[in-house]
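S.K.: Here it is, the structure in full.
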Ligand SMILES: C[S@@+](CC[C@H](N)C(=O)[O-])C[C@H]1O[C@@H](n2cnc3c(N)ncnc32)[C@H](O)[C@@H]1O
């Protein structure tokens, strides 16, 4: 494991503070400690999907918003180089501990955000991001998507997962209420109603019909888009044009 902290790029005064917008819970030591017990990132299934898209032992991959590294660690066994990027120092600490325990030598950990990560080396074959882009408001999402495009080689694949809303504004009240209602009373081992409410209230998930034109405008072709039945989770295969 190599270790790289923060971006060497000078940050202009107008740049959003990505740590401040990283989500309260992602900066919370207790939440990070219980994260893996409550969220299964289905890393093996994701890896198998990417293998079907050409990922192999020569591939290089950047995981943006890597969190506790469920996918990063799985990918490290299948690629030559994995760069795990996250803006939260608490997540990064947990990630480093897990990498050290697993003993992977081909993971670089970078404490940076979508908007500050400086890619070193040749453009990569795969970019990955799960449940992270919604931490940025839409203007910044577009800038982030354009930056991800520049990390990738032409023809490279960006696997993007996020909470995005696949319904019309008129439906929002009822749909969001139903989504929050599936939350439990506790934060251990499950997502609570309060956490779902916080997501909608304080984070920046957007409508599918706003996200997709942004994706295309930033240099990707949408090869596949699959939404959960409730219309709250989108999983994309994006091809760098
Ligand atoms: C819900 S976690 C998802 C972690 C992991 N991708 C997974 O699927 O389990 C969201 C992660 O995105 C990170 N994050 C939030 N804003 C970010 C940004 N602007 N740039 C990079 N990472 C960010 C958070 O620190 C957190 O680790």
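Just so it is clear, none of the values below were taken in a lab; they were calculated from the coordinates. All values derive from a computational prediction rather than experimental measurement. Backbone-built Cβ (ideal geometry, glycine too); neighbour counts: all protein chains shown.
S.K.: Go through the residues of the range 36-51 one by one and say whether even a single one is free of Cβ contacts under 8 Å to residues at least 60 places away in the same chain, surrounded by 19 or more Cβ atoms within 10 Å (Cβ to Cβ) and within 12 Å of the ligand (Cβ to nearest atom).
M.R.: The answer is no; no qualifying residue exists.
S.K.: Also, I was wondering about something else. Just one of 54, 77 is away from the ligand (no atom under 16 Å from the Cβ), surrounded by fewer than 22 Cβ atoms within 10 Å (Cβ to Cβ) and free of Cβ contacts under 8 Å to residues at least 40 places away in the same chain; which is it?
M.R.: None of the other options fit; the residue is 77.
Yes/no per residue for (1) closer than 14 Å to residue 126 by Cβ; (2) touching a strand residue (DSSP E or B) at 6+ places or on another chain (Cβ under 9 Å):
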residue	(1), (2)
29	no, no
35	no, no
38	no, no
41	no, yes
47	yes, no
52	yes, no
55	yes, yes
70	no, yes
80	yes, yes
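S.K.: Let me ask something else about it. Identify all residues within the range 150-185 that are without any contact (Cβ under 8 Å) to a residue 12 or more places away in the chain and in contact with a strand residue (DSSP E or B) (Cβ under 6 Å, 6 or more places away or on another chain); write none if there are none.
M.R.: Answer for the range 150-185, where residues must be without any contact (Cβ under 8 Å) to a residue 12 or more places away in the chain and in contact with a strand residue (DSSP E or B) (Cβ under 6 Å, 6 or more places away or on another chain): just 184.
S.K.: Of the residues 223, 212, 190, 216, which is touching a strand residue (DSSP E or B) at 6+ places or on another chain (Cβ under 8 Å), away from the ligand (no atom under 14 Å from the Cβ) and closer than 29 Å to residue 29 by Cβ?
M.R.: Going through 223, 212, 190, 216 in turn, the sole match is 190.
S.K.: So which residues in the range 86-137 are more than 11 Å from the ligand (Cβ to nearest atom), free of Cβ contacts under 8 Å to residues at least 40 places away in the same chain and touching a strand residue (DSSP E or B) at 6+ places or on another chain (Cβ under 9 Å)?
M.R.: 106, 120, 123
S.K.: Of all residues in the range 13-29, count the ones that are touching a residue at least 40 places away in the same chain (Cβ under 8 Å) and more than 10 Å from the ligand (Cβ to nearest atom).
M.R.: Residues of the range 13-29 that are touching a residue at least 40 places away in the same chain (Cβ under 8 Å), as a first pass: 15-16, 18-19, 21-29.
Next, only the ones that are more than 10 Å from the ligand (Cβ to nearest atom) stay: 15, 24, 28-29.
Going through the range 13-29 one residue at a time, the tally reaches 4.
S.K.: Also: Out of the range 57-73, which residues are closer than 14 Å to residue 108 by Cα and more than 8 Å from the ligand (Cβ to nearest atom)?
M.R.: Listed by number, the residues that qualify are 60, 61, 62, 72, 73.
S.K.: Let me ask something else. Six or more apart or on different chains, Cβ under 7 Å: which pairs go from a residue in the range 57-71 that's in contact (Cβ under 8 Å) with a residue 60 or more places away in the chain and at positive phi to one that's more than 6 Å from the ligand (Cβ to nearest atom) and in a helix (DSSP H, G or I)? Could you list them?
M.R.: Within 7 Å, the pairs are 67/35.
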